[in-house]
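Structure provided below as structure tokens; questions to follow.
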Amino acid sequence: MRDLVTWSEGMVWCSLERHGAMTGILKTQIDWIPLSLGAVRPTQGKTLAVMQVSGGSQSFNAVNQLRILGRWMLLLTIPNQSSTPKAFLEFGETGRMKPSPFYDRMVDFMEELMKFTILTRDNKTYLLNRYS
């Protein structure tokens, strides 16, 4: 996972909202991302999209927690986010998401991640340059 984080230009973090929070297993995975390699965090300057699914009504607790983690890890978290309530109703028998406003939002969300990643790709050196 550490190699994949170093290799990637952008990430999507998705969590089930469980008991009003992100899942512990996702937090554990994020904790395995090294804080620094030399003087630079491997996540620094990369793009991040956060999303969540829930079994009940719509909430934004998990995405808010993921957004805070991304900011703390110096990821460029895109403005958009996605939350799909009652996710069990949104997927067909093949495991694909059914056409719906939630599906449309997901496509818009992924397009925004791609656009922000392309916009920041060639400016990474500038964005990571710090006075200290």
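What's the number of the only condition in (1) within 13 Å of the chain's Cα centre (by Cα); (2) without any contact (Cβ under 8 Å) to a residue 40 or more places away in the chain that Ser15 fails to meet?
Failed condition: (2).
Considering only residues that are in contact with a strand residue (DSSP E or B) (Cβ under 7 Å, 6 or more places away or on another chain) and surrounded by fewer than 21 Cβ atoms within 10 Å (Cβ to Cβ), look in the range 60-76 and name the one that is nearest to Ser8 (Cα to Cα).
Checked the range 60-76; the qualifying residue nearest to Ser8 (Cα to Cα) is Leu76.
Determine if the range 2-11 includes at least one residue that is farther than 17 Å from Phe109 by Cα, at pLDDT 90 or above and under 14 Å from the mean Cα position of the chain (by Cα).
Checked against the condition, which is being farther than 17 Å from Phe109 by Cα, at pLDDT 90 or above and under 14 Å from the mean Cα position of the chain (by Cα), the range 2-11 yields at least one hit.
So in the range 44-58, with the set limited to residues that are surrounded by 15 or more Cβ atoms within 10 Å (Cβ to Cβ) and touching a Pro at 6+ places or on another chain (Cβ under 9 Å), which one is farthest from Gln81 (Cα to Cα)?
Ser54
Continuing with the same structure: Looking at Val53, Val40 in this structure, which one is touching a strand residue (DSSP E or B) at 6+ places or on another chain (Cβ under 8 Å) and of a type in the set (A, V, I, L, M)?
Values: Val40 fails: touching a strand residue (DSSP E or B) at 6+ places or on another chain (Cβ under 8 Å).
None of the others qualify; the one that does is Val53.
For the range 59-132, list the helices (runs of 4 or more DSSP H) that sit wholly inside it and hold at least 2 residues that are more than 30 Å from Val40 (Cα to Cα) and of a type in the set (D, E, K, R); which are they?
In the range 59-132, 101-121 are the helices (runs of 4 or more DSSP H) which contain 2 or more residues that are more than 30 Å from Val40 (Cα to Cα) and of a type in the set (D, E, K, R).
The values are calculated or read from the model by the stated rules, or taken from the named source; none is laboratory data. Note that this is a predicted model, so its numbers are computed, not measured. Neighbour counts are summed over all protein chains in view; Cβ atoms, including those assigned to glycine, are modelled from backbone coordinates with ideal geometry.
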